[in-house]
Amino acid sequence: MTLVAMCNAIKHGTTTITSAFPFPHGTFRAGVASGMRLIMHPQTVSNVILGDGLDDDGYLALTEQVIQDYHNAEDGRIQVAVHPHTTYSCSERLLLGCMELAERYDVGFATHLLESAEDRRMSDAQFAAWGGIVGYLQARGILQERTLFFHCDQVNRAEAEIFAEAGVAISHNPQSNATYHGSVADVPALRAAGVTLGLGTDMPAGNLFDNIYTAYLVNAIIPPDQEKQFEPWVPIELATIGSARAQRLGDRIGTIEAGKRADIITVDLHRNTTLYPLNAGNLLYWIVTKCAGTLVEDTMVDGRFLLRGGEFTFLDEEAIMARSDEWMARFGSWYRARKAAGEPVTVRTYPDYESR
């Protein structure tokens, strides 16, 4: 399934993927096979028992093993960072244990934060003794240069300044957040505060060209008192050098310049009526507003073509999808049987937001 996601990303011109899922050994194998640049964030969680059956101690041990085994593998193409799922789904022991590992091995730290209005309400109530969730994270030493927060739809301007001062980065996921929660991050306010911002899909089936356009659209009206839309180069910057900096890779990728890794994509303009007529005057605006969903001609990582002339150079997409279809059939059968029997498909160890 990870390889399917990587095929989709490569075809839409993404050279670097972040995987924040369980089962990191399989993710690593997919990263080696695909040739993509990969940052592995092995998911850890306390309030549910996943298929790996691990508890807090097990997740911390697994994360440390993954860092030792895979960080900087494939000549640095594959990196590892720690990933407690969220503040409300992880015990404090797991949350702080992940940051301790990140500091000890000098790797990144990522978690989901303030994804919806309900998330804000419950998180602030849970951490009321610290003045809310951001006060708690600040008091516990979570706000650091190595920290990446996914979403942050509910972050206000004062909190944005706190994040900027601490060097925290944010992954802006406009399509996912607007679709599932009816909100998006206040990118103009975050940029004004100086927060490092990247652009993400938050789902394997998404693509960055669509999200570039969505970021441009939603931030024309968020916040409502904004005087004007930001320039069309801004969402392109978020998807390239902004995302590289958010992953602590700005010195290696994100721009085309001497000394950096050759991560490059090309878009065919000869038969692309969507982008016609393209010229120097409308280049950035057309790419941002008319390139949504575009399949690229070439995707190169580390100077190696993964896609050339719209065709995979070594990945067998049909075989990958066939294996995934087989897995999904087995999973679907298991899922329907569990539901029919009235058995839970998720085993909870304690309710969300319950202190432990």
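The values are calculated or read from the model by the stated rules, or taken from the named source; none is laboratory data. Keep in mind the model is a prediction, meaning the values are calculated, not measured. Methodologically, a virtual Cβ is constructed for each residue, glycine included, from the backbone with ideal geometry; neighbour enumeration extends over all protein chains shown. The protein model used for the area step is the full one, side chains on, heavy atoms only, and it has no ligands, DNA or RNA in it. Shrake-Rupley method; radii C 1.70, N 1.55, O 1.52, S 1.80 Å.
One table, with the values for the structure above:
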| read-out | value |
| --- | --- |
| Cross-chain or 6+ apart pairs with Cβ under 7 Å, region 279-301 first and more than 19 Å from I264 (Cα to Cα), then charged (D, E, K, R) and open to solvent by less than 30 Å² (accessible area, probe 1.4 Å) | none |
| Test: G53 is surrounded by fewer than 17 Cβ atoms within 10 Å (Cβ to Cβ), modelled with pLDDT under 95 and assigned to a loop (DSSP other than H, G, I, E, B) | yes |
| Filter result (farther than 26 Å from P174 by Cα, touching a strand residue (DSSP E or B) at 6+ places or on another chain (Cβ under 9 Å) and open to solvent by less than 70 Å² (accessible area, probe 1.4 Å)) within region 232-267 | A262 |
| Residue count, region 102-127 (criterion: crowded, with 18+ Cβ neighbours inside 10 Å and touching a Phe, Trp or Tyr at 6+ places or on another chain (Cβ under 9 Å)) | 11 |
| Matching residues in region 89-120 - criterion: being within 30 Å of S34 (Cβ to Cβ), touching a residue at least 60 places away in the same chain (Cβ under 8 Å) and not in a loop (DSSP other than H, G, I, E, B) | A110 |
| Single unsatisfied condition, K339 versus (1) over 25 Å from G206 (Cα atoms); (2) part of a loop (DSSP other than H, G, I, E, B) | (2) |
| The lone exception for M203 - which of (1) over 12 Å from the mean Cα position of the chain (by Cα); (2) surrounded by fewer than 16 Cβ atoms within 10 Å (Cβ to Cβ); (3) at pLDDT below 90 it fails | (1) |
| Test: residue in region 182-197 that is within 19 Å of A20 (Cα to Cα) and among the hydrophobic types (A, V, I, L, M, F, W, C) | yes |
| Count of residues meeting criterion [over 26 Å from E297 (Cβ atoms) and in a helix (DSSP H, G or I)] in region 3-27 | 4 |
| Segments classed as helices (runs of 4 or more DSSP H), wholly inside region 202-316, with at least 1 members that are at negative phi and of a type in the set (F, W, Y) | 208-218, 233-237, 283-290 |
| Residue check for A164: within 15 Å of V134 (Cα to Cα) and in contact with a Leu (Cβ under 6 Å, 6 or more places away or on another chain) | no |
| Every residue from region 270-314 that is modelled with pLDDT of 85 or more, aromatic (F, W, Y) and farther than 21 Å from L217 by Cβ | F305, F312, F314 |
| Residue within region 74-88 that is among the small types (G, A, S), part of a loop (DSSP other than H, G, I, E, B) and either closer than 30 Å to R29 by Cα or open to solvent by less than 10 Å² (accessible area, probe 1.4 Å) (or both) present | yes |
| Residue among A160, A185 that alone is touching an Asp or Glu at 6+ places or on another chain (Cβ under 6 Å), farther than 26 Å from S91 by Cβ, open to solvent by less than 20 Å² (accessible area, probe 1.4 Å) and in contact (Cβ under 8 Å) with a residue 12 or more places away in the chain | A185 |
